[in-house]
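As structure tokens, the structure follows; a few thoughts come after it.
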Amino acid sequence: MIDKVNQMTISELSEGLRTREFSAEELTRHSLQMIEQKEPELNAFITVTAERAIEDAKAADKRLATKAETNPLLGIPGALKDNVCTKGIRTTCASKTLENFVPPYSATVADRLADAGMVLLGKVNMDEFAMGQTSETSYFGATKNPRNTNRVPGGSSGGSAAAVAGDEAVFAIGSDTGGSILQPSAFCGVIGLRPSYGLVSRNGIVAFASSLDQAGPITRTVKDNALVLNAIAGHDPRDTTSLHVREPDYTVGITDGVKGLTFGLPTEFFGEGLAESIKDAVLDVAKKLESLGATIKEVSLPSLKFALPAYVLISSAEASSNLARFDGIHYGYRAEGAESLDDVYVKTRSEGFGAEVKRRLMLGTFALSSGYYDAYYKKAQQIRTLIGSEFKRVFASVSMLIAPVAPVTAWPLGQSITDPVQLYLNDIYTVPIGMAGLPALSLPVAKDEDGLPIGLQLIGNRFQERLLYRAGVSIEEVTR
Amino acid sequence: MSDYEAVIGLEVHIELHTKRKIFCFCEIKEDPAPNTQTCEVCTSMPGTLPVMNREVVEFAVKAGLAVGGTINHMSQMDRKNYFYPDLPKAYQISQNEHPIVSGGKVDIETEAGQKTIRLTRIHMEEDAGKLVHIEGEGTLVDCNRAGVPLIEIVSEPDIRSAEEAIAFLKKLRAIMVYTGITLARMQEGEMRCDVNLSVRKKGDKTLGTRTEMKNINSFAFVGKAIEGEFKRQVDVLEAGGTIIQETRRFDDKTGQSTSMRTKEDADDYRYFPDPDLVPIRLEDKEIEALKSEIPELPDARKARYIKDFDISAYDAERLTDERDMADYFEKAAKATTAPKTIANILISDMPNLQKDHPLPDPVKLAELADLQADGEINSSTAKKVLSALLETGVSPRQYVAEHDLLQINDEATLLPFVLEVLKERASVAEDYKAGKKKALQSLIGMVMQKTKGRANPVLIRTLLEDRLK
């Protein structure tokens, strides 16, 4: 039985735990074995918390023995992106700056999962401070794509997607600012949800761009995803941007099918630069949905062409302020041999941050500077408002949008790291979602000519996660 | 010098006396040991988020209402970005574009009469931590103050002198303390002030280049800083120089200010709305409710004192500076027929005498005022009795009786003393007769001495003058 757990869903695993087919400890030891076996090649983890995992599993087994607890995550081994603070466990953000930073508190997401009974396997790799598309900017080395280890896993939540795709973890938590859950999920062929802004608490998730960041689940199946969201969603008094809007259960109605739903195909997501194989795969799914009784409708969001530059300005500006605290004074890395206070700052930050982070911090600092604020930051915010209202208009006539996640599939390791602008352009289909605070579900629907996963995304109106899962389950069925 | 006038605007930081810090749940205590009044939020650990303390918003609204400002129904917290070791986030959460209060005014009373100082705005912000320099250890950071709530009150450049600036600060402090939102203890740094000052020729309409002096923490130093900077700027201009826009550091030991940094190397704070905090919305209903909690303020009291107790506007202003003093005055004034005398005692006599003693029972002070106002004791006896009252709390009437201090008001008792002095000091009397008017004062003093200070001085004068005609 334990040999088959790699193919099992959370519901099935939970059932297995409850019927004592296997214990949480056995399941956890299996995951740790998978990690031991695969890590030398994948490098999905920054820190494996093996001891903690066994402790968690033993505790879960005790709870399972009482039979009173029904939480489906009880005893399920998962992993957290290394920007989710964990009390007593180092949280590095894949940066030299925080190489030895051990938080004195845990993120709300981590606490909620622990309460649900998750077994923590460890902290997974990412682009440094979540800035990147490939997970190659990590101070702890690049993560490789389990579907093809010559390829990138995507980013920034590359470790989260790879840990799930590589069967190391049953699920993982990622974070998304401009596509950091959606794109690696597509590249690794797993299910990733970027929740609506305000659905999941940001408390304890080291900020990249506060107005865009959202944590979300990466899983093997759509229903698994809904089960993890059940554990983490909901208002948190420690994050005043989190709202009282959660659904009691995100799995309710997810098998209702797509009949009667209207899917919008946004013209702007199918333009120049999109690989033919991806375009065909997405349109093929649309056709299948139509045959299941859904309506497909072409829609347009003309302002989307401004989304990427506006996103780069806003996210970099917020990052320049959010990351200012890493100055070598209070915690984290401090450079040796500084001769003055300014020197401490300059040396620490020059040595502590990688090139991509520094590029964005400089860009963001410039965008907020006196004399440039109106032309850059303020203008970008106006564009953001415009994009939000265009989505709102579109959602008056469609249930959700159906679109590609990225214009290409996972590219070879080491290929893109030298051309940041080209790299940023790969985010064009995902940045508008964060800019409008919308939810999106990324799911694999086909393979390209190289056998690499092709991702499709469903973009919903705010807090319509349940509708996305419902369509997601149908797509899972027709693409299986 | 007299051709010039100073144009002064003040930025006043006042610590709000809330139970907890502005963005976390740390309780604010008196004198905590270093870094014991902290948590992951106010030490700005990665991943932490600020949560607005609603009590801070309410206090800021009350501050705005107390000075007649407009409470903005929507305001926003902004980030002010700069690096300094006492600022753990490397940005301060403050308000820039949308402060909680716009406008308002403070009426001040100076020797020259009443004047209105307009306010630009009031905004909320967090305090930074504190750097502690320890010999041998270097510089350490204490984050206890980080996240302590402040309001910054910004005045229009309506102030023209050190006297006006001090009157403004005293009045502003009084209003805020009355409102119950702050203790504003200057020695604790709970009220601090930045001075913006420029000079111009009297009658000029345009403003000169201004300088800013930061973080001055006493009324006296504000006065010194203004006088010094005014003189410095006038001297520069008179010598044909120009004023450079700069931030200056006032040294309270030397009373001088020195240049800290000029505009060219000034910080660019890169303000932008804090995405971690949602805009602050206030309904009229809520504002009205807060308004109803504001007690009678200094100006209202002042007007009442002038009307009810017939004291001068200047005295009434002094008496209402401190809420404790005003409360005390009222109690005493209501127990006497001579509130004016109470006012005089409190303003002129008490400050010199009352250093180490608490204020006496107001009813006993009223008794003393009655004795003095009714002419039962003279003013010098009154001072003696006041000292005794402060030291022992004795009843003034009893003390006067026991020490035989009643004023001698009848001619029959006093005349022998007068005649005695005239006899003993015939030469002085002659001087007076010869036109040396000052000599009379000396004779009065001698009579007073003989009566051990009990004589009615007016009566002595009359008697002496009669005899020396």
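The values are calculated or read from the model by the stated rules, or taken from the named source; none is laboratory data. The shown structure was predicted, so the numbers you read here are calculated from the model rather than taken from an experiment. Counting neighbours? That spans all protein chains shown, and the Cβs are built from the backbone with ideal geometry, glycine included. With ligands, DNA and RNA removed, areas are computed over all heavy atoms of the protein, side chains included. Shrake-Rupley method; radii C 1.70, N 1.55, O 1.52, S 1.80 Å.
Per residue, how much accessible area does region A:2-232 show when a 1.4 Å probe rolls over the protein heavy atoms, in square angstrom?
Accessible surface, normalised per residue, equals 27 Å².
Restricting everything to alpha-carbon atoms, can you work out Rg to Rh for chain B with a Kirkwood hydrodynamic radius?
1.09
Rounded to a whole number of µm²/s, how large is the Stokes-Einstein D of chain A at 20 °C and 1.002 mPa s, given Rh as the Kirkwood radius over C-alpha pairs?
For these conditions, the coefficient is 97 µm²/s.
What part of the accessible area of region B:303-394, given as a whole %, is carbon or sulfur when the probe is 1.4 angstrom?
Exposed carbon and sulfur together represent 50 percent of the surface.
Average partner chain C-beta neighbours within 10 Å, per residue of A:325-333?
5
Tell me the volume per residue, in Å³, of the convex hull enclosing the alpha carbons of region B:303-394.
87
Which of the trypsin sites (Lys or Arg not before Pro) found in region B:210-274 are in a DSSP loop and have at most 15 neighbouring Cβ atoms, other than their own, within 10 Å?
Those satisfying the criteria are B:K253.
Please report the Cα spread of region A:395-480 along all three principal axes, rounded to whole Å, starting with the longest.
Largest first, region A:395-480 extends 41, 32, 17 Å along its Cα principal axes.
In terms of Cα to Cα distance under 18 Å, which aspartates and glutamates are near enough to B:K115, apart from those fewer than 8 places away along the same chain?
Once the sequence-local aspartates and glutamates are set aside, what remains near B:K115 is B:E5, B:D107, B:E156, B:D158, B:E163, B:E164, B:D299, B:D315, B:E317, B:D321.
How crowded by other chains is B:75-88, given as the mean number of beta carbons from other chains within 10 Å of each beta carbon?
If you average over the peptide's residues, the count of other-chain Cβ atoms is 3.
How large is the dipole of region A:2-232 about the Cα centre if only Lys and Arg carry +1 and Asp and Glu carry -1, each at its Cβ, rounded to the nearest 20 debye?
280
Quick one: give the max-minus-min coordinate of the C-alpha atoms of the protein assembly as shown along each principal axis, largest first, in Å.
132, 72, 59
Working out 0.36 nm times the residue gap between B:E293 and B:R261, then minus their Cα-Cα distance, what length gain in nm do you get to one decimal?
Contour length minus the Cα-Cα distance gives 7.2 nm.
By accessible area of protein heavy atoms, probe 1.4 Å, what ranking do A:L467, A:L121 get, highest first?
A:L467, A:L121
At a probe radius of 1.4 Å, what is the per-residue accessible area of A:H244, in Å² to the nearest 10?
Its heavy atoms expose roughly 150 Å² to the probe.
Counting Lys and Arg as +1 and Asp and Glu as -1, each charge on the Cβ, what is the dipole of chain B about the Cα centre in debye, to the nearest 20?
The calculated dipole for chain B is roughly 1300 debye.
Just tell me which aspartates and glutamates come within less than 15 Å, Cα to Cα, of B:K334; anything on the same chain fewer than 8 places away is out.
Partners found: B:D308, B:D310, B:D361, B:E367, B:D370.
Among the lysines, which have Cα under 17 Å from the Cα of B:K437 when same-chain residues fewer than 8 positions away are ignored?
The reachable lysines, counting only those whose Cα sits under 17 Å from B:K437, are B:K469.
When only alpha-carbon atoms are used, what values of Rg and Dmax, in angstrom, describe region A:190-260?
Just the Cα atoms of region A:190-260 yield Rg and Dmax of 13.1, 41 Å.
Go through B:I175, B:V41, B:P298 and say which Cα lies farthest out towards the positive end of the charge dipole of the protein assembly as shown; charges sit on Cβ, +1 for Lys and Arg, -1 for Asp and Glu.
B:P298
So which of A:K58/A:K87; B:K62/B:K171; A:K62/A:K123 end up more than 22 Å apart, counting from Cα to Cα?
Long pairs (Cα-Cα over 22 Å): A:K62/A:K123.
Take each of the peptides A:68-76, B:100-108, average the number of other beta-carbon atoms within 10 Å over its residues, and list them starting from the highest.
Averaged packing, sorted descending, gives the order B:100-108, A:68-76.
Across region A:39-88, what fraction of all alpha-carbon pairs, as a whole percent, falls in each successive 5 Å bin from zero upward?
Cα pair-distance distribution for region A:39-88, in percent: 5, 16, 23, 20, 17, 12, 6, 2, 0.
Students often get this wrong, so check it: of A:K259/A:K297; B:K307/B:K331; A:K223/A:K279, which have C-alpha atoms separated by over 23 Å?
Listed pairs above 23 Å: A:K223/A:K279.
By DSSP, what percent of the beta bridges with both residues in chain A are antiparallel, rounded to the nearest 5?
Roughly 70 percent of the DSSP beta bridges within chain A come out antiparallel.
B:S427 to B:E465: extension gain in nm, 0.36 nm per residue of separation minus the Cα-Cα distance?
Fully extending the segment from B:S427 to B:E465 adds 12.1 nm.
Give me a single rounded figure for A:198-206: the average over its residues of other chain Cβ atoms within 10 Å of their Cβ.
Across the residues of A:198-206, the mean count of other-chain Cβ atoms within 10 Å is 3.
For a quick check: with amide H placed at 1.01 Å from N, whose amide H comes under 5 Å from A:D448's, ignoring anything fewer than 5 positions away on the same chain?
So A:D448 has HN proximity to A:I454.
Would you please give the FRET efficiency between B:D361 and B:E156, computed as 1/(1 + (r/R0)^6) with r the Cβ-Cβ distance and R0 = 56 Å, to the nearest 0.05?
0.80
For B:K384, put the label point 7 Å out on the Cα→Cβ axis and report which residues of region B:394-420 keep their amide N under 12 Å from it.
B:399-408
How big is the A/B interface in buried accessible area, both sides summed, 1.4 Å probe, to the nearest 100 Å²?
Summing both sides, the interface buries roughly 2900 Å².
If packing is taken as the average number of other Cβ atoms within 10 Å across a peptide's residues, how do B:376-387, A:202-213, A:161-172 rank, most packed first?
A:161-172, A:202-213, B:376-387
Out of residues 5 or more away from A:I46 or on other chains, whose amide H comes under 5 Å of its own, with H placed 1.01 Å from N in the peptide plane?
A:K123, A:V124, A:N125
Ordering A:S315, A:S291, B:S348 by how much accessible area each has at a 1.4 Å probe, largest first, what is the list?
Largest to smallest exposure gives the sequence A:S291, B:S348, A:S315.
So how do B:F168, A:F366 rank on accessible area, 1.4 Å probe, biggest first, that is with the largest at the start?
Ranked list, largest accessible area first: A:F366, B:F168.
Using a 1.4 angstrom probe on heavy atoms only, work out the carbon and sulfur share of the accessible area of chain A in %.
51
Once you have the alpha carbon radius of gyration of region A:2-232, what is it after dividing by 2.2 N^0.38 Å, with N set to its residue count?
Normalised Cα radius of gyration, region A:2-232: 0.90.
For region B:303-394, give the magnitude of the charge dipole about the Cα centre (Cβ charges: +1 Lys/Arg, -1 Asp/Glu; no others), in debye to the nearest 20.
60
Which entries of B:K21/B:K285; B:K21/B:K80; A:K305/A:K378 show an alpha-carbon separation above 22 angstrom in the structure shown?
Correct reply: B:K21/B:K285.
First obtain the Kirkwood hydrodynamic radius of region B:355-469 from its Cα pairs, then insert it into the Stokes-Einstein equation at 4 °C and 1.567 mPa s, and state the resulting D in µm² per second as a whole number.
85
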